[in-house]
Amino acid sequence: MSFSQVLDSRRILLGITGGIALYKACELIRLLKKENAQIRVILSTGAEEFVKPTLFSALTGEKTYTNQDFFVATGSIPHIELANWAELVLIFPATASFLSKLRTGQASELLLTTLLATRAPTYLFPSMNTKMWEHPATKENIEVLRRYGYLVYEPAYGELACGEIGKGRVPEPAEILELITAHFKPKDMKGKKVLITGGPTREYIDEVRFLTNASSGKTAFYLLKEAYYRGAEVHLLWGLKDFPYVLPKLNYVSDIPYPKIYFIETTEEMFQKAKELFPQVDVAIFAAAPCDFTPLYPAKGKIKKGEPLTLEFKLTPDIAKTLGQTKGKQLCIGFALEEGDKLSDYAQKKRVEKNFDIIIANPLGTAGKERSKYLLIGPNFEKIFEDMSKEALAVTVFDLIASLS
């Protein structure tokens with residue numbers, strides 16, 4: 001399933017409450033509509049004081065429901081119809097007042113009653129002043145709502161509408177879009193353990209200087225994200241030890257173990273940790289770019305300028321080859337970077353040599369770029385993608401894994 005198809009025709013009910021952050025709902029709806037999701041909106045009585053329903057009807061192309069619809073005698077029962085229609089419910093923003101009412105099971109308005117009637121998974125996105133968020137009553141309300149089964153997405157830290165700085169900001173719409181996408185991803189990797197290596201390694205010449213390469217680790221991150229969002233227990237060996245902040249934030253997905261990330265430095269360290277984890281996993285993806293050579297005699301301290309310098313090197317362990325040749329049940333996937341005219345031949349040879357089930361090859365000139373030509377070769381297929389993003393590659397890889405499992 002491609003990235004763009006995940007939200008296609010999904011039925012999402014958006015409950016908007018009376019907080020100033022509701023203006024962000026307009027961008028959230030735009031993003032969801034771009035992914036072809038179906039969206040219906042219910043305004044709380046508080047939200048009706050801020051905006052008119054016409055705004056959201058224009059954005060969604062659907063009727064926007066208000067509390068007036070709760071009492072109109074048309075023969076329909078809107079709160080039951082909306083509760084049954086929704087595949088997913090978002091309360092955005094969720095004010096302290098609304099959370100308090102929801103915690104006590106109030107049914108005094110259309111949105112609250114719909115939430116009592118629905119069995120769809122429901123995400124709450126609290127938004128309020130930091131002091132209100134930290135108040136014992138709010139904390140207790142959140143704890144109770146979590147026990148009820150509501151999925152509470154804690155607010156972010158930053159500048160608030162009141163001008164104060166603290167925790168209480170509603171997340172940005174793009175972050176929520178990713179959360180919703182993760183929710184609807186097929187969980188075809190649930191119960192599987194996945195090992196991913198990513199980023200470069202370092203081989204020290206002295207205690208200050210080292211050999212490395214320009215790998216950004218982005219491909220490994222997208223593979224990590226896709227595996228996690230599809231339900232896998234993921235172990236990432238991350239070669240950018242001193243740069244943990246380059247790992248973007250992952251949204252927490254309920255009932256799936258959060259990925260374990262091991263920060264390593266040298267090729268030997270990556271090899272030893274991979275060797276330890278490899279027997280436990282179902283899938284191993286060797287996406288790292290470890291150094292192939294390490295100084296035979298690294299210097300103590302710092303080599304001074306002007307000193308005679310001769311470096312001798314030895315080979316580092318070939319992690320993918322060593323583990324690939326000892327594999328049993330594991331599905332092994334590797335990468336090849338080579339000149340374009342030799343891409344297919346080199347990749348085929350490397351797949352056999354390293355005992356990979358799938359190899360992913362891309363031309364030398366595309367290293368480090370966001371998009372690339374990719375050649376995917378498996379036991380009985382060869383697929384060429386002329387211009388593909390790293391994120392789309394990750395989706396394709398796990399579609400293939402699911403088909404081979």
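All of the numbers you see were taken from the coordinates with simple rules; none came from a lab. Quantities reported herein were computed from a predicted structural model and do not represent experimental measurements. Here Cβ is always computed from backbone atoms with ideal geometry, including for glycine, and neighbour counts include all displayed protein chains.
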Rounded to the nearest Å, what's the spacing between the alpha carbon centres of the stretch 135-171 and the stretch 291-322? Just the number, please.
51 Å
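May I ask what percent, to the nearest 5, of DSSP beta bridges between residues of the chain are antiparallel? Walk me through the intermediate numbers first.
Details: 18 of 61 bridges.
Taking every DSSP beta bridge with both residues in the chain, the antiparallel ones total about 30 percent.
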How far is it, in nm, from the label point at Asn380 to the one at Glu207 when both lie 7 Å from their Cα along the line to the Cβ?
5.9 nm
Which ³J(HN,Hα) values, rounded to whole Hz and listed in residue order, are derived for the stretch 222-239 from phi using the Karplus coefficients 6.51, -1.76 and 1.60 in 6.51 cos²θ - 1.76 cosθ + 1.60 with θ = phi - 60°, glycine and proline given as x?
5, 5, 4, 4, 5, 4, 5, 5, 9, x, 7, 8, 10, 10, 10, 9, 9, x
Among beta bridges assigned by DSSP with both residues in the stretch 3-183, the antiparallel ones amount in percent, to the nearest 5, to 20 percent
Are there GluC sites (Glu not before Pro) in the stretch 174-282 that DSSP puts in a loop and that have at most 12 other Cβ atoms within 10 Å, and which ones?
Glu207
So between Thr322 and Gln5, what do we pick up on full extension, going 0.36 nm a residue minus the alpha carbon distance?
110.3 nm
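So which GluC sites (Glu not before Pro) in the stretch 311-386 pass both tests, a DSSP loop state and at most 11 other Cβ atoms within 10 Å of the Cβ? Provide the component values of the computation, followed by the final result.
Numbers: sites: Glu312, Glu338, Glu339, Glu353, Glu370, Glu382, Glu386; in loops: Glu312, Glu339, Glu370.
Answer by residue number: Glu312, Glu339, Glu370.
Classify the stretch 187-404 as rounded, prolate or oblate, taking a ≥ b ≥ c as the square roots of the eigenvalues of its Cα gyration tensor: rounded when a/c is under 1.5, otherwise prolate if a/b is larger than b/c and oblate if not. Let's see the in-between values first.
On the way: a/c = 1.77, a/b = 1.43, b/c = 1.24.
Verdict is prolate for the stretch 187-404.
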Among DSSP beta bridges whose residues both lie in the stretch 304-405, state the antiparallel percentage, nearest 5.
60 percent
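Given 0.36 nm per residue, what is the gain on full extension from Glu175 to Lys187 after removing their alpha carbon distance, in nm? Mind dumping the intermediate values first?
Details: separation 12, 0.36 × 12 = 4.32 nm, distance 2.01 nm.
Roughly 2.3 nm would be gained on extension.
Of Lys329/Lys373; Lys52/Lys225; Lys218/Lys275, which ones are farther than 27 Å apart at the Cα? Walk me through the intermediate numbers first.
Values: Lys329/Lys373 30 Å; Lys52/Lys225 38 Å; Lys218/Lys275 23 Å.
Those over the limit are Lys329/Lys373; Lys52/Lys225.
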For the pair Glu370 and Glu81, how long in nm is the line joining their label points, each one 7 Å along Cα→Cβ?
4.3 nm
What aspartates and glutamates could a cross-link reach from Lys354, if we take a straight Cα to Cα line under 19 Å and drop same-chain neighbours fewer than 8 places away?
Glu268, Glu276, Asp282, Asp292, Asp318, Glu338, Asp345, Glu382
